[in-house]
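Remarks on the structure that follows.
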Amino acid sequence: SAEPAGGDQVHTVADVDGTTREGDAWFVAERDSRTIRWGAPGPHDYSGELAVEGSGAGSQVTVRLHTEHVDGPAIDRGLDETLAAIKRNVEQGADPAAP
């Protein structure tokens, strides 16, 4: 879960391999550039960006991640699962005018 904590800050609670972890992070959505950025301070120096650009008759989504965490295959699996979920939601016809 993620709850607003003032400004761009969010308080997060996650289940990581059966262990509950809490922390603080930041999240910024930029409607004009169709970009979101996020990150969390800590030992893994985690941050990311997702940008949507027009591409022909559709859209192209670009995701950039930065982390010092060394489990690359697990990160790749998580990213693949997240992008597949985004694709499913888009293909189900979510209202693009919704906030």
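Could you list, in sequence order, the residues of the stretch 48-61 that are at pLDDT below 90 and open to solvent by less than 70 Å² (accessible area, probe 1.4 Å)? Once the filter is applied, which keeps residues that are at pLDDT below 90 and open to solvent by less than 70 Å² (accessible area, probe 1.4 Å), the stretch 48-61 yields GLY54, SER55, GLY58, VAL61. Looking only at residues in the stretch 65-77 that are surrounded by 12 or more Cβ atoms within 10 Å (Cβ to Cβ) and of a type in the set (A, V, I, L, M, F, W, C), the one that is farthest from GLY48 (Cα to Cα) is ILE75. Pairs needed: first member in the stretch 21-36, closer than 12 Å to ALA2 by Cβ; second member anywhere, hydroxyl-bearing (Ser, Thr, Tyr) and outside any loop (DSSP other than H, G, I, E, B); C-beta distance under 6 Å; at least 6 residues apart or different chains. Once the first residue is closer than 12 Å to ALA2 by Cβ and sits in the stretch 21-36, its partners that are hydroxyl-bearing (Ser, Thr, Tyr) and outside any loop (DSSP other than H, G, I, E, B) give GLY23/THR12; ALA25/THR12.
If the requirement is being surrounded by 12 or more Cβ atoms within 10 Å (Cβ to Cβ) and charged (D, E, K, R), which of these qualifies: ASP45, ASP80, ASP32, ASP17? After ruling out the rest, the residue left standing is ASP45. For beta carbons closer than 7 Å, sequence separation of 6+ or different chains, a first residue in the stretch 75-86 that is more than 13 Å from THR62 (Cα to Cα) and a second that is open to solvent by less than 60 Å² (accessible area, probe 1.4 Å) and not in a helix (DSSP H, G or I), the qualifying pairs are ILE75/THR67.
Quick one: count up the residues across the stretch 1-14 that are more than 15 Å from the chain's Cα centre (by Cα) and open to solvent by 70 Å² or more (accessible area, probe 1.4 Å). Residues meeting the conditions: 2.
The values are calculated or read from the model by the stated rules, or taken from the named source; none is laboratory data. Only a predicted model underlies this, so the values are computations on that prediction, with no experimental measurement involved. Cβ: placed from backbone, ideal geometry, glycine included. Neighbour counts: every protein chain shown. Only protein heavy atoms, including side chains, enter the accessible area calculation; ligands, DNA and RNA are left aside. Shrake-Rupley method; radii C 1.70, N 1.55, O 1.52, S 1.80 Å.
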